[in-house]
Amino acid sequence: MDADALAAARREEWARLDELGRRRRLDGAEADELVARYRAASADLADLKTSAGRTPEGDYLSTLLSRARLRLTGTPDNVLRQLPRFFLLQLPAALYRLRYTTLVIAVGFVVVAALVAAWIAGDPAALATLGSQAQLEQYAEGEFTQYYSENPAAVFAGTVWTNNAWIAAQCVAFGITGIWPLMVLMQNAIGVGTAAAVLFAFGRGDVFLLYIAPHGLLELTSIFVAGAAGLHIFWAWIAPGPRGRAAALAAAGRSLVTVAVGLALALAVSGLIEGFVTAQPWPWALKIGIGALALAAFLVYMLVVGRRATLRGETGDLPEYERGAARLVAG
């Protein structure tokens, strides 16, 4: 079959299919016509592929058919029906994909923070660069703990949540650079290590650990996950596999940007703990227990619910009718 001859003969029919596929509203007759033209164009595409293989005309016709198919079957679900799928399938599956990278980042973060703390606390010259003896003592004896109670709990929780959610969103959104997530993680590790060094140098290391633990367990884990998501997006660009680089990057972006939404909710919980629990005069076992329970719930959601969603074939990406037709590749 001559592809050019077929395209010339069917040009008006394909143009009509394109027109119907782009219309926002169809009456009954137009819907029937769209179905009929979809079937005819599908037969044309089959003939083209059988006789000529892949051709520009075939690619164009595939695009028309994809748009028509979405027009016929891709009606968006009600938001209330989308939410269960998002929280029970898409989000946990996306989080589950990041489990090993998150673990590596967590270990690296702790190692860097510990090395920074040990170096500064053990080197008087390095400690002196952070401030005078009086300033550092004031920070260790009062300012560190006062930070958690100097503002109303609701205001403080909201401020912390906004700041941390913005950091997590940056890690995911700018992950394609490969540098931004690492820079954010390194800055936070150095900041935590520096604060620990000052308190340990003045014999208040226990205060540092007790005040960080209730909210830090979930907060830091969320930042680790955000960094992992950003690095996975970067890796999809560097090593796309059998798909094209643009297709691999688009798939990674669609599936992992959802992580930013989930982390915003997790960081809201850690913000509430930091604002309403950390500074309370409660037993430390209770306060740390609340933080550990929040982290345990997050890990169960990520690892248990996420594994179940993954076994069902979920990757965190949009459903096929929402993301459009995929180009077939070998391998």
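Annotation note: Cβ proximity below 8 Å between a residue of segment 39-53 that is closer than 14 Å to Thr63 by Cα and a residue that is open to solvent by 70 Å² or more (accessible area, probe 1.4 Å) and in a helix (DSSP H, G or I) (sequence gap 6+ or interchain) occurs for Ala41/Arg10; Ala41/Glu13; Asp44/Arg10.
Among the candidates Ala325, Ala330, the residue that is loosely packed, with under 14 Cβ neighbours inside 10 Å, at pLDDT below 95 and of a type in the set (A, V, I, L, M, F, W, C) is uniquely Ala330. Taking the conditions (1) at pLDDT 80 or above; (2) more than 30 Å from Ala309 (Cα to Cα); (3) assigned to a helix (DSSP H, G or I) in turn, Leu83 satisfies each one other than (2). Taking the conditions (1) in contact with a Leu (Cβ under 6 Å, 6 or more places away or on another chain); (2) of a type outside the set (Phe, Trp, Tyr); (3) part of a loop (DSSP other than H, G, I, E, B) in turn, Asn151 satisfies each one other than (1). Being basic (Lys, Arg) and modelled with pLDDT under 95: is that true of Arg308 here? Against the criterion (basic (Lys, Arg) and modelled with pLDDT under 95), Arg308 does not qualify. One residue stands out among those in segment 213-241 that are among the small types (Gly, Ala, Ser) and under 18 Å from Tyr147 (Cα atoms): the one that is surrounded by the most Cβ atoms within 10 Å (Cβ to Cβ), which is Gly216. Touching a Lys or Arg at 6+ places or on another chain (Cβ under 8 Å), surrounded by 14 or more Cβ atoms within 10 Å (Cβ to Cβ) and either in a helix (DSSP H, G or I) or among the hydroxyl-bearing types (Ser, Thr, Tyr) (or both): does that describe Tyr96? Yes; evaluated as a whole, the condition is true for this residue. Residues in segment 178-212 that are in a helix (DSSP H, G or I), free of Cβ contacts under 8 Å to residues at least 24 places away in the same chain, open to solvent by 50 Å² or more (accessible area, probe 1.4 Å) and not polar (S, T, N, Q): Met183, Asp206, Leu209. Could you list, in sequence order, all residues of segment 138-167 that are within 26 Å of Val225 (Cβ to Cβ) and either open to solvent by 90 Å² or more (accessible area, probe 1.4 Å) or of a type in the set (Lys, Arg) (or both)? Across segment 138-167, the qualifying residues are Tyr147, Trp161, Trp166.
If you filter segment 19-42 down to residues that are basic (Lys, Arg) and not in a helix (DSSP H, G or I), you find that the one that is most open to solvent (accessible area, probe 1.4 Å) is Arg24.
When segment 43-78 is filtered for residues that are among the small types (Gly, Ala, Ser) and either assigned to a loop (DSSP other than H, G, I, E, B) or surrounded by 14 or more Cβ atoms within 10 Å (Cβ to Cβ) (or both), the ones remaining, listed by number, are Ala52, Gly53, Gly58, Ser62, Ser66, Ala68, Gly74.
For the subset of segment 1-18 comprising residues that are modelled with pLDDT of 85 or more and touching a Leu at 6+ places or on another chain (Cβ under 7 Å), which member is surrounded by the most Cβ atoms within 10 Å (Cβ to Cβ)? Across segment 1-18, the extreme among qualifying residues is Leu17. Report yes if Gly262 is touching a Gly at 6+ places or on another chain (Cβ under 8 Å), open to solvent by less than 40 Å² (accessible area, probe 1.4 Å) and either over 19 Å from Gly306 (Cβ atoms) or in contact (Cβ under 8 Å) with a residue 40 or more places away in the chain (or both), otherwise no. Criteria not met by Gly262. Among the residues of segment 285-299, is there at least one that is outside any loop (DSSP other than H, G, I, E, B), open to solvent by less than 20 Å² (accessible area, probe 1.4 Å), farther than 30 Å from Leu83 by Cα and not β-branched (Val, Ile, Thr)? Yes, some residue in segment 285-299 is outside any loop (DSSP other than H, G, I, E, B), open to solvent by less than 20 Å² (accessible area, probe 1.4 Å), farther than 30 Å from Leu83 by Cα and not β-branched (Val, Ile, Thr). If you go through segment 111-137 and keep only what is open to solvent by 20 Å² or more (accessible area, probe 1.4 Å), touching a residue at least 12 places away in the same chain (Cβ under 8 Å) and within 28 Å of the chain's Cα centre (by Cα), you end up with Val112, Ala114.
The values are calculated or read from the model by the stated rules, or taken from the named source; none is laboratory data. Quick caveat: nothing in here was measured; it's all calculated off a predicted structure. In this analysis, Cβ positions are derived from the backbone assuming ideal geometry, glycine residues included, and neighbour counts consider all displayed protein chains. These accessible areas exclude ligands, DNA and RNA; they are computed on the full protein's heavy atoms, side chains included. Shrake-Rupley method; radii C 1.70, N 1.55, O 1.52, S 1.80 Å.
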